[in-house]
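**Q** After the structure tokens below, expect a handful of questions from me.
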Amino acid sequence: SLGIGVIVDLHDYGRYDLNWAADAAANYGIVAPNGPDASVIGSAAVPISAFANFWQQLATALHGNPGVAGYDIMNEPYNMGGATVWPTAAQAAVNAIRTVDMNTPILVEGDQWANAQYWQANNSNLQINDPANNIVYEAHQYFDNGSGLYAQTYAQQSATSNTGVQDVAPFLQWLQE
């Protein structure tokens, strides 16, 4: 009623812990998707078809909800097992969502933590075909040394007032191309 929308974000870095119940019990409800039992999407343990099926089911459940502003299919996937794994998985998720929802925007992040600075090196082949033409590519860039820890001052990192602009330029160039 207030016009607020949320972006539904799968936030597990392209991994799924098949032993989540045991991990939750062992860690008092805290599940670490990057733990030793986490399997990468596209592996035998977590096939791309399972990822697509997840998104089809979630989009079916949420379709038509006015509070859903978008689907972010994965937060910061990384080391996905090959250059074609993430583009294939992302396309499968988009295809699955579009079987039930042609209106909601879909946010697609790139491999290697969606890093804007290295986007072209890691995501040059991330070309998603969306029949609804409603894709938003999302990149991330931490304006320290890329770690997001901000352990040093900008002066210690030899940063300038243009460092952030320079860091996101490769992503913007890729979008233009």
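**Q** What is the calculated FRET efficiency for residue 19 to residue 163, with r their C-beta to C-beta distance and R₀ = 41 Å, to the nearest 0.05?
**A** Numbers: r = 41 Å, r/R0 = 1.00.
Step by step, r from the Cβ atoms, then E = 0.50.
**Q** Quick check for you: with a 1.4 Å probe and neighbouring chains kept, what is the accessible area per residue of segment 65-177, in Å²?
**A** Details: 5760 Å² over 113 residues.
Value for segment 65-177: 51 Å² per residue.
**Q** A further question on this structure: Give a residue-ordered list of calculated ³J(HN,Hα) values for segment 161-177 (Karplus: 6.51 cos²θ - 1.76 cosθ + 1.60, θ = phi - 60°; whole Hz; x for Gly, Pro).
**A** Working through the residues one at a time gives 5, 9, 4, x, 4, 5, 5, 8, 4, x, 5, 5, 5, 4, 4, 5, 5 Hz.
**Q** Once a ≥ b ≥ c are taken as the square roots of the eigenvalues of the Cα gyration tensor of segment 67-111, is the result rounded (a/c under 1.5), prolate (a/b larger than b/c) or oblate (a/b not larger than b/c)?
**A** oblate
**Q** Taking the Cβ of residue 86 as the centre, find all other residues whose Cβ is under 10 Å away and add up their charges (Lys, Arg: +1; Asp, Glu: -1).
**A** Net charge around residue 86: -2.
**Q** Looking only at 26, 121, 69, which one moves most when the chain is put into a Gaussian network model with springs between Cα atoms under 10 Å?
**A** Of 26, 121, 69, the most mobile in the Gaussian network model is 26.
**Q** For segment 78-156, which whole-number percentage of the solvent-accessible area (1.4 Å probe, protein heavy atoms only) is attributable to carbon and sulfur atoms?
**A** Numbers: 2040 of 3970 Å².
The nonpolar share, carbon plus sulfur, comes to 51 percent.
The values are calculated or read from the model by the stated rules, or taken from the named source; none is laboratory data. Keep in mind that this is a model prediction, so the values were computed, not measured. Counting neighbours? That spans all protein chains shown, and the Cβs are built from the backbone with ideal geometry, glycine included. Areas reflect the complete protein model, heavy atoms only, side chains present, ligands, DNA and RNA absent. Shrake-Rupley method; radii C 1.70, N 1.55, O 1.52, S 1.80 Å.
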